[in-house]
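This report concerns only the one structure given below.
The values are calculated or read from the model by the stated rules, or taken from the named source; none is laboratory data. Nothing here was measured: the structure is a model prediction, and the numbers come from that model. We place every Cβ from the backbone using ideal geometry, glycine too, and count neighbours over all the protein chains shown. Side chains are part of the model used for accessible areas, which takes the heavy atoms of the whole protein and leaves out ligands, DNA and RNA. Shrake-Rupley method; radii C 1.70, N 1.55, O 1.52, S 1.80 Å.
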Amino acid sequence: MSSTVVQSESTLDGRPASGLVQGVEVPGAPYSTILPRDYYFDPAIFAKEMDRVISRQWAFVGHVSQIPKVGDYFVHKLLNESVVIVRESADKISGYLNVCRHRGHELCKKSSGNAKRFSCPYHYWSYGLDGSLANVPGVPDGTRFDYKEFPLWDVHVENYQGFIFACSSNEKPPALSEKFSQLTADLAMLETEKLKEAHREVYEINANWKTLLENYLECDHCQAGHVTLCHTIDVNAMFDGSTWEAPFFTGKTPLKEGIKTSSMNGELVSIPLGKLKDRSEVETGFGLGFGILPGLIRVIIHVDHVVIHALRPISVDRVEWVTRWYVREDAVEGQDYDIAKLTEVWLVTNSEDKAFCESAYRGLQSKRFTPGPLNNTREASVPVALRAYLDLMKD
Amino acid sequence: MSSTVVQSESTLDGRPASGLVQGVEVPGAPYSTILPRDYYFDPAIFAKEMDRVISRQWAFVGHVSQIPKVGDYFVHKLLNESVVIVRESADKISGYLNVCRHRGHELCKKSSGNAKRFSCPYHYWSYGLDGSLANVPGVPDGTRFDYKEFPLWDVHVENYQGFIFACSSNEKPPALSEKFSQLTADLAMLETEKLKEAHREVYEINANWKTLLENYLECDHCQAGHVTLCHTIDVNAMFDGSTWEAPFFTGKTPLKEGIKTSSMNGELVSIPLGKLKDRSEVETGFGLGFGILPGLIRVIIHVDHVVIHALRPISVDRVEWVTRWYVREDAVEGQDYDIAKLTEVWLVTNSEDKAFCESAYRGLQSKRFTPGPLNNTREASVPVALRAYLDLMKD
Amino acid sequence: MSSTVVQSESTLDGRPASGLVQGVEVPGAPYSTILPRDYYFDPAIFAKEMDRVISRQWAFVGHVSQIPKVGDYFVHKLLNESVVIVRESADKISGYLNVCRHRGHELCKKSSGNAKRFSCPYHYWSYGLDGSLANVPGVPDGTRFDYKEFPLWDVHVENYQGFIFACSSNEKPPALSEKFSQLTADLAMLETEKLKEAHREVYEINANWKTLLENYLECDHCQAGHVTLCHTIDVNAMFDGSTWEAPFFTGKTPLKEGIKTSSMNGELVSIPLGKLKDRSEVETGFGLGFGILPGLIRVIIHVDHVVIHALRPISVDRVEWVTRWYVREDAVEGQDYDIAKLTEVWLVTNSEDKAFCESAYRGLQSKRFTPGPLNNTREASVPVALRAYLDLMKD
């Protein structure tokens, strides 16, 4: 396969200035394809892409509403690392590996809580909320070693409008507040800092993560394969007006005409977000979105709720897929929203996508598999994203 | 280990013209052995034997009674490939990988059915019963590529007297109708095209497939280990008059004197097959057989029923073992045959063999294991088959 | 890491003549650490340490009370080998691989029993209690091979004061009766040959075996982490007066003042052992111990019962941990001892240690883990044992 440098600014519908379809090219053929079979099965490629593509990007870890008070924390699986996300001070959220500097014991036994200090339950080394080593029983600071040499290992954290992202690579990824700056005014209006998680669903999917990525990047399978989703979402306009400076993607989640939100009947499933609540009439067709591609975080913002999809590759043939649903922090369950109604569209759609991805991945396992022609328009965003992936994989 | 070329025509009782026991020889010793320990545990040897020995041979996949009408199909696991076996026309049965040429999604979601076309449920590429690409939604033939370049990947199929065999290697294996030609008149008389599957049993056995092969090739363990089987089968005459041009084996399944069929009491367990039904008296001692060795397919034909054993290696230490029981297509369950009585002998015997093979394989795992002397007469067919296996494995 | 030769005679509190802390040294730093991360995760290092450290040492396999009569046997998993331990004669205990010399089938199907001969259930090769091949059906001795060439593979066995140890390496490890000679008089007085197993508990622990070793070698985590154990055991004196010529360790299990045995309340949980029964008053503070380190066998002897811990590494990340409780052979359950009371202290403690080891091992998995400073006094025995381990691992 050959690939030339992708334009730094592009669109996911695959039609840059040149008019050529970019991505995974077949020499002499007027179409692109997905990647050669090995990319989906070779553990060495998986290890390389974890290093080059996935671990250097922001991962979505949660929302500020989980840790409102100083010392509030939760434990999160950040790729293969267990990390503690903590509100260090009123205006600072930090992240540390959930690992004691003494002999590696996990610091936090509970999945969330409030702490004044983090005390390892094995030999009681303790750490401040800023990660500094505060006490080693029987070994005062400076007697055998300096405490300042053994702070908790930290990870990069960004709170972007209430959504918390983390990264454990050496180099901090670009600031999301800059990369998504065009969205900031809208998110402020929607007061996305004032949400709460209403439901979370965790799936383990027997497929390579790129099979999920490819599935997510085209809606050619949606009309027939996601009837429920297509009640309200206008899949044909999915990438209209989107911008994508890999891996940062912003776009809309376009609704059909006259539709207020993504739900079974197009009617609201919770009270309007932020300042929308004060408007006399909720607008129709509204749907913001942003995400990180390749990798796959997709934030979908409707007038009354937010849905966030995030994947976590476990191995070359397995992915964890987490979907979270958010509503206003002051919405009352049973009165302002009903969890069954809030979640139904994506519960159905995720179940359909899990079946598609696992069946596609089983088929890919055939020793004789070679990829076939992608649809130049309806699947155009697939090779564009794969091209960006290949650029990140370059030595 | 040294081995010279095996005679192309031999017998499984190990006594070719020369009178020497062939197989796995120990220099200077007047006996043979099974293979060195690594042959049963090394994944690299397993990969090689899958390539050289197993994947190039016919595998048993089913019976014509499963697909009587044009468009009838069933899905079968052919080694590691999922294949669709379909009645393409009244007199033609074909096989295809169950994999769409577009992005690899499985074509058939159901394990059997009837289709006019095979339509992939992901993006609706559709294929004719002959495997040709018939339609790609939104991409008419020739606009971006020629449909004829993307037919389903096919596999070799042979319908031998109603029994369907398949192979997914490049080269088509020799025709079974030629290799088993001496049996054809008998099978026609027995009308083996007009059977139906009465029962199927699937076992997963924690052993290397060659441990099953070795177990199956000698009946020295039968008198004490398979009391039920030995009620009716004359194990001492097991390989008398058999011919074996590796891997094609034909022989009898000899019954004891006065015995009509293999059952708990030697009496029939279903109505006589084919033209035998019209005879005034069913003959005793009848028992045809054919198979493929090494690898292991064993077709056992009695006057009133057929039993087929087939193995499918899964990994170096695991095998799937499937036993199917067939009766006349017009036999009526509960009247002409009873499934419990039909299956009892082999349910008991398979269970005993599973225990023998798994216990032998656990013992083989010992780091200090080296194979001991085989019995030169009672186990003579084991080294002969292993010798043929080694010849197939040669570079 | 650099390490110089460890003194052949040392103590596990890490204070040899030189006064320097030995073990895993950090150049220039006045403290030791556990091993680099790879030592706990690399399968190649695991394979090497199984070969160099674990398989060449004695493993604890059971007690003479399990096989009182000639021909009594039990099957034991000795690292990865299944072995049969048998009373060959009144005064001789032998061990053989549980593997027939013919085709590797397991000899013994039952986990214990009495045998005049060991007869393989597959083809009925049979062996005497001395391991010699006694009969091959249909092949008289000398007709094809000499029976004496095919005895059972044997393993080294030592009965040390009633405790049976075995080893399947080529070279026999040093005699325990010599290495633990200073204990022999005490064990004879306690009549440890006349015990019986009252209870056995088997744990599978998701950790590298050295994480268990490290946990077991320091009691810095005990005061807070093992409250139940510390009711009676004086953890501060744990290694006082111990001697240790790697891997042979002898020491005490010191009890707090006025305490008779390790139990929930310090009172006896069975009748006194051996000749102690005849004394008017049971002494307090008594507690013998011996063991094998690295590797991990720990025999703990109190006035009324014996506890034996033994580990069996399964893979680089999994260990089997077995604890056995012994009482006098003539103690009557329900009258002289109660299993719940006998076992409570170690059931609680083992459960705590399992949690500590698995949590420490999960933390060690962090890609960024590097070991921190060990406490120079309270954890002093950890680097000493790791140093001995490194010496055994040297090429």
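Residue count for segment A:299-308, restricted to those that are in contact with a Phe, Trp or Tyr (Cβ under 7 Å, 6 or more places away or on another chain) and part of a strand (DSSP E or B): 4.
Here are some residues: A:TYR96, A:TYR122. Which one is of a type in the set (Ser, Thr, Tyr) and not in a loop (DSSP other than H, G, I, E, B)? Please lay out each step first, then the result.
Values: A:TYR122 fails: not in a loop (DSSP other than H, G, I, E, B).
Being of a type in the set (Ser, Thr, Tyr) and not in a loop (DSSP other than H, G, I, E, B) holds for just one of A:TYR96, A:TYR122, which is A:TYR96.
The sole residue among B:LEU364, B:LEU386 that is surrounded by 21 or more Cβ atoms within 10 Å (Cβ to Cβ), farther than 19 Å from B:ILE308 by Cα and modelled with pLDDT under 95 is B:LEU386. Just one of the listed residues (B:ASP353, B:ASP336) is within 12 Å of another protein chain (Cβ to nearest Cβ), at pLDDT 90 or above and farther than 30 Å from C:ASP154 by Cβ, namely B:ASP353.
Collect the residues in segment B:328-368 that are of a type in the set (Gly, Ala, Ser) and in contact with a Leu (Cβ under 6 Å, 6 or more places away or on another chain), keeping them in residue-number order. Outline the logic, then answer.
Taking segment B:328-368 and keeping what is of a type in the set (Gly, Ala, Ser), we get B:331, B:334, B:340, B:351, B:355, B:359-360, B:363, B:366.
Listed by number, the list holds a single entry, B:SER366.
For B:GLY289, the stated conditions hold: it is under 26 Å from B:MET189 (Cβ atoms) and open to solvent by less than 20 Å² (accessible area, probe 1.4 Å). If the condition is being in contact with a Leu (Cβ under 6 Å, 6 or more places away or on another chain) and either within 14 Å of chain B (Cβ to nearest Cβ) or free of Cβ contacts under 8 Å to residues at least 24 places away in the same chain (or both), then segment C:167-192 contributes only C:SER168. Within segment C:68-100, the set of residues being within 14 Å of chain B (Cβ to nearest Cβ), crowded, with 24+ Cβ neighbours inside 10 Å and not hydrophobic (A, V, I, L, M, F, W, C) comprises C:GLY95, C:TYR96, C:ASN98.
I'd like the residue in segment A:301-318 that is closer than 21 Å to A:TRP346 by Cα and either among the small types (Gly, Ala, Ser) or open to solvent by 10 Å² or more (accessible area, probe 1.4 Å) (or both) and, out of all such residues, is nearest to the chain's Cα centre (by Cα).
Initial filter on segment A:301-318 (closer than 21 Å to A:TRP346 by Cα): A:301-313, A:318.
With the extra rule that they be either among the small types (Gly, Ala, Ser) or open to solvent by 10 Å² or more (accessible area, probe 1.4 Å) (or both), the set shrinks to A:310-312, A:318.
Values: A:ALA310: 3, A:LEU311: 6, A:ARG312: 8, A:ARG318: 16 Å.
So the residue we want is A:ALA310.
On inspection, A:LYS109 qualifies as exposed (fewer than 14 other Cβ atoms within 10 Å of the Cβ) and touching a Pro at 6+ places or on another chain (Cβ under 7 Å). Of the residues making up segment A:101-122, just one is in contact (Cβ under 8 Å) with a residue 24 or more places away in the chain, within 11 Å of chain C (Cβ to nearest Cβ) and in contact with a Lys or Arg (Cβ under 7 Å, 6 or more places away or on another chain), namely A:GLU106.
Of all the residues in segment B:251-271, those that are out of contact with any Leu (no Cβ under 9 Å at 6 or more places or on another chain) and under 14 Å from B:TRP346 (Cα atoms) number 2. Taking the numbered list (1) closer than 23 Å to C:GLU218 by Cα; (2) at pLDDT 95 or above; (3) in a loop (DSSP other than H, G, I, E, B) in turn, C:PHE286 passes all entries but (2).
Quick grid of which residues meet (1) within 14 Å of another protein chain (Cβ to nearest Cβ); (2) in contact with a strand residue (DSSP E or B) (Cβ under 7 Å, 6 or more places away or on another chain); (3) touching a residue at least 40 places away in the same chain (Cβ under 8 Å):
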position	(1), (2), (3)
B:LEU195	no, yes, yes
B:HIS199	no, yes, yes
B:LYS210	yes, no, yes
B:GLU214	yes, no, yes
B:GLU218	yes, no, yes
B:CYS222	yes, no, no
B:SER242	no, yes, yes
B:THR250	no, yes, yes
B:LEU268	no, no, no
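Quickly run through segment B:373-383 and pick out the residues that are surrounded by fewer than 20 Cβ atoms within 10 Å (Cβ to Cβ) and either facing another protein chain (nearest Cβ under 7 Å) or at pLDDT 95 or above (or both).
Initial filter on segment B:373-383 (surrounded by fewer than 20 Cβ atoms within 10 Å (Cβ to Cβ)): B:375-377.
Those that are surrounded by fewer than 20 Cβ atoms within 10 Å (Cβ to Cβ) and either facing another protein chain (nearest Cβ under 7 Å) or at pLDDT 95 or above (or both): B:ASN375, B:ASN376.
Inside segment C:134-146, can you point out the residues that are open to solvent by less than 40 Å² (accessible area, probe 1.4 Å) and more than 12 Å from chain B (Cβ to nearest Cβ)? The answer is C:ALA134, and nothing else. For segment B:143-155, the criterion of a residue being hydrophobic (A, V, I, L, M, F, W, C), within 19 Å of A:PRO373 (Cα to Cα) and in contact with a helix residue (DSSP H, G or I) (Cβ under 7 Å, 6 or more places away or on another chain) is satisfied by no position.
Does C:ALA331 fit the bill of being in a loop (DSSP other than H, G, I, E, B) and more than 14 Å from chain A (Cβ to nearest Cβ)?
Numbers: in a loop (DSSP other than H, G, I, E, B): yes; more than 14 Å from chain A (Cβ to nearest Cβ): yes.
Taking the combined requirement at face value, the residue satisfies it.
Within segment B:361-381, the residues that satisfy the criterion of being within 22 Å of the chain's Cα centre (by Cα) and under 19 Å from C:GLU106 (Cβ atoms) are B:TYR361, B:GLU379.
Every residue, every condition in (1) under 25 Å from A:TRP58 (Cα atoms); (2) surrounded by 24 or more Cβ atoms within 10 Å (Cβ to Cβ), yes or no:
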{"position": "A:ARG103", "(1), (2)": "no, yes"}
{"position": "A:PRO121", "(1), (2)": "no, no"}
{"position": "A:LEU129", "(1), (2)": "yes, no"}
{"position": "A:SER132", "(1), (2)": "yes, no"}
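Among the residues of segment A:266-281, those that are farther than 19 Å from A:LYS194 by Cα and surrounded by 12 or more Cβ atoms within 10 Å (Cβ to Cβ) comprise A:GLY266, A:GLU267. Residues that are in a helix (DSSP H, G or I), among the hydrophobic types (A, V, I, L, M, F, W, C) and open to solvent by less than 40 Å² (accessible area, probe 1.4 Å) within segment C:147-196 comprise C:LEU176, C:LEU183, C:LEU187, C:MET189, C:LEU190, listed in sequence order. Only one of the numbered conditions (1) open to solvent by less than 20 Å² (accessible area, probe 1.4 Å); (2) more than 30 Å from B:LEU390 (Cα to Cα) is violated by B:ILE297, and that is (2).
Here's a check for you: in segment B:319-346, which residue that is among the aliphatic types (A, V, I, L, M) and within 17 Å of the chain's Cα centre (by Cα) is least open to solvent (accessible area, probe 1.4 Å)? Break it down stepwise before answering.
Taking segment B:319-346 first, the residues among the aliphatic types (A, V, I, L, M) are B:319, B:322, B:327, B:331-332, B:339-340, B:342, B:345.
Okay, now just the ones that are also within 17 Å of the chain's Cα centre (by Cα), so B:319, B:322.
On the way: B:VAL319: 0, B:VAL322: 16 Å².
Only one residue fits best here, namely B:VAL319.
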